Amino acid sequence: MKAEADKFRKDFSHVPERISGLVDLAYNLWWSWNPAAKMVFKQLNPQAWVESIHNPVRMLTELPAETMTVASKNPLYLRHYDIVLSRFRQELDRKNSWFTEHFSRDHGLTIAYFSAEYGLQHSLPFYAGGLGFLAGDHLKEASDLGLPLVGVGFMYSEGYLHQHIGPDGWQENRKELLNRDSAPIKRVMYNHDTQLVARVPFIDPPIYIAVWRVDIGNIPLYLLDTDIRENDPSNRMISYRLYTGDLEQRLKQEIVLGIGGSYVLDILGIRPTIVHLNEGHPAFTLLERIREHIADKMNFEDASKRVRETTVFTTHTPVPAGHDAFPYALMDKYFNPYYSLLGTDRQAVLRLGYAPQDPPDMFNMTAFALKMSTFCNGVSKRHGEVARAMWARLYPGTDVDTIPIRHITNGVHVPTWLDPRMELLLNKYFSPSCPDWLNEHDSPLIWDMINELPDEELWAVHIQLKRKLVNRIREHKRRKWVGEGTDPVNVVSGGALLDPNALTIGFARRFSTYKRADLIFQDLERLKRIINNRWRPVQIIFAGKAHPADDEGKRIIQKVYRYAHQQEFGGRVAFVEDYDEQMAQYLVHGVDVWLNNPLPPNEACGTSGMKASLNGVLHLSVLDGWWIEGYNGMNGWAFGDTNNSKNRDWIDSQQLYEILEREVVPLYYTVADDGIPHMWVKKMKEAMKSTAPVFSARRMVKEYVRKGYDPALAFAAKYEK
């Protein structure tokens, strides 16, 4: 273990003692899902809040001392500050929680949650898509419920990618280094004045990792960083960016995450009782847990059994090519010194990663995780079925329906994804009957009160959010045009001509071929008639990134972009570049319809549709992923060919046009004398009522506790005796 001097500690001496709690609050992402806490920062200087891109650490660093002094003497500000800080400290000091009330155990326990990506807040770009947002929501909900959980992930200095669309519509990947010292992260210190730097144990050539910490309420997330001077140039690049296309670099990433992450927890005095793997990327942590038990005088069989019984594994990938597998020769390059420490021979270790569908000399990370976990699950009911069929050959002689891969359908963190204006409206009508409704939001009884909301008030909030979305897109393009001299065509294609009064469809997700972002363009003339209807116009906003190595995905973006700047579409098709968590918030709050048309059964879940429905945005989707469970005939629309025809894209597109022409557009534009589309609002209420409790992260995490964590903790308790 080595240490590196912390030469970059920020100075907040300009923050008066009276409001010094702002610094602690800024470094804990609890503020990000508590609107009153956001306002504590925004009220200091609304323009500075915007310019910091809602990053309170950066804002506090840049604000002049005069501004802080004025705030510290403003009685109205101090009243708000004191209330928020009191709530914040009560949350951090809380002893009783849902977890302690329902799963009290008298021995110390810790759940370690490992994930290659986390979508927490846009100032921390450590995510590529749904997997990361799911992990971030899991940690936030774990804090709300009081779980004894720690997270482990990567500090990506370049994040995933920053997207720029060139004049020809081709995605360009721009580097933008994270300024660690203006982000809500802290160095993990060793001996008070140096940063913790550790060597990944027993792996050659040596790899060193620096350790950072993000606080998410009561949950610590430890981030591993190889971009330090102790490493050679190749190893410094391990944590540069998410999901490198280089196979050897990918293997080193997963060694650092799994083995290095486990070792860091051990250094910090954290010995996890159970481990939850979010996908197969961190599965090498299971080898490190076996090695630790071997070092405690267990044999390989007993150590493997103990690890298996105390591991939870969630698989998210229904596409075979999405599962990492490494050649034995590459494994040997890094693990030769490690095999002998596992109390068995090389072949026995490598067999743990054998998958019958792979070549015989490949170590498959998902197969390894499935074999080494007692509780395994997919992320929707349909995905559980797909996963059982996909991995059936790992369980010879087992009926496919009894293969031990169950499902826990994903959910979204309601306080994060429910717009604050919508929350205020719900407060107005829910609080008289249930003052603590937000803490009980996984109860369907709470959401039955949605019908008490007057249509005109719900519609007014929705229109306000829609205008906010359109204004945000226009302002973004204006600033880019002024600042960079962006091609005027890019300004138009990016949404400068959007109309806040038109029916607005949103499509925002990763651009992979199976997502079929271009499906709606199958019949251009029919689409133009729908979009350009003089009395009932429709507009479509696209957003999303293709993987840097996915040229097919980039070609789909290019195709959409080129349609967006065709005059025949009248500026009613837009592609918003560099989609991130902040733009996701604007979109799921502000569009009217959320479009989703993957090629079944390739959508494991699809949480963006849940976020939209939570805010009254109606879902228009192929029946795949969560929508199979979520659709009830009244909360949105479903379409798609169920016969898997060869010309499925054409059939699906024709059904989509039919629903738009006959149902969606007429319903939106059927407005009563009071200016309200009451039937549309009725459908909005049904979407919120049917989605919020069932597809919440609260329901999801409680389900993980009951089905996965509690049985694993019972196994762990057996070993403690």
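The values are calculated or read from the model by the stated rules, or taken from the named source; none is laboratory data. Bear in mind the structure is a predicted one, so any value in this text is a computation, not a measurement. A quick note on method: Cβ atoms are made from the backbone with ideal geometry, for glycine too, and the neighbour counts reach across all protein chains shown. Note: areas computed on protein heavy atoms with side chains; ligands, DNA, RNA excluded. Shrake-Rupley method; radii C 1.70, N 1.55, O 1.52, S 1.80 Å.
Numbers for the structure displayed
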quantity	calculated
Inter-centroid distance (Cα atoms) of segment 589-629 relative to segment 342-377, Å	34
Pairwise centroid distance, computed over Cα atoms, of segment 660-721 with segment 133-180, Å	24
Summed residue charge, Cβ within 15 Å of residue 290's Cβ, Lys/Arg positive, Asp/Glu negative	+2
Cα centroid separation, segment 199-223 to segment 469-525 (Å)	39
Under Karplus coefficients 6.51, -1.76 and 1.60, residue-wise ³J(HN,Hα) of segment 149-159 in Hz, glycine/proline x	10, 10, x, 9, x, 10, 8, 8, 5, 10, x
Estimated FRET transfer efficiency when R0 is 45 angstrom, pair residue 549-residue 525 (beta carbons, to 0.05)	0.80
Largest to smallest accessible area among 117, 720 [probe 1.4 Å]	720, 117
Principal axes of segment 244-340: Cα extent on each, largest first, Å	38, 29, 28
Residues with amide H under 5 Å from that of residue 151, placed H, sequence gap 5 or more	113, 221, 222
Accessible surface, per residue, of segment 601-721 when the full set of protein chains is kept, probe 1.4 Å, Å²	38
Cleavage-rule hits, trypsin sites (Lys or Arg not before Pro), segment 484-585, DSSP coil, Cβ neighbours within 10 Å at most 15	534
Amide H contacts of residue 639 (H built 1.01 Å from N, under 5 Å, at least 5 apart or other chain)	621, 622, 623
Whole-percent carbon and sulfur share, accessible surface of the chain, 1.4 Å	51
Chymotrypsin sites (Phe, Trp or Tyr not before Pro) within segment 151-181: DSSP coil, no more than 16 neighbouring Cβ in 10 Å	170
Label-zone membership for segment 435-465, site residue 102, 7 angstrom Cα→C-beta point, backbone N under 14 Å	439-444
Under 5 Å, built H, 5+ apart or other chain: amide partners of residue 195	4, 5, 6, 190
Cα centre as origin, Lys/Arg/Asp/Glu Cβ charges: the chain dipole, Debye	340
Simple label model, 7 Å out from Cα along Cβ direction - residue 647 to residue 456, nm	5.1
Members of 10/554; 38/554; 466/689; 38/466; 297/702 lying beyond 29 Å, as alpha-carbon distances in this model show	10/554; 38/554; 297/702
Restricting segment 88-187 to trypsin sites (Lys or Arg not before Pro) in coil, as DSSP defines it, with at most 13 other Cβ within 10 Å	94, 95, 175
Selection from 159, 677, 690 lying farthest towards where the dipole of the chain points positive, charges on Cβ	677
Under 13 Å, Cβ to Cβ, from residue 666 - net charge with Lys/Arg +1 and Asp/Glu -1	0
For the chain, share of DSSP beta bridges that run antiparallel, in % to the nearest 5	40
Å² per residue, accessible surface of segment 356-443 at 1.4 Å	39
Summed side-chain charge close to residue 635 - residues other than residue 635 whose Cβ falls under 11 Å, Lys, Arg +1, Asp, Glu -1	+3
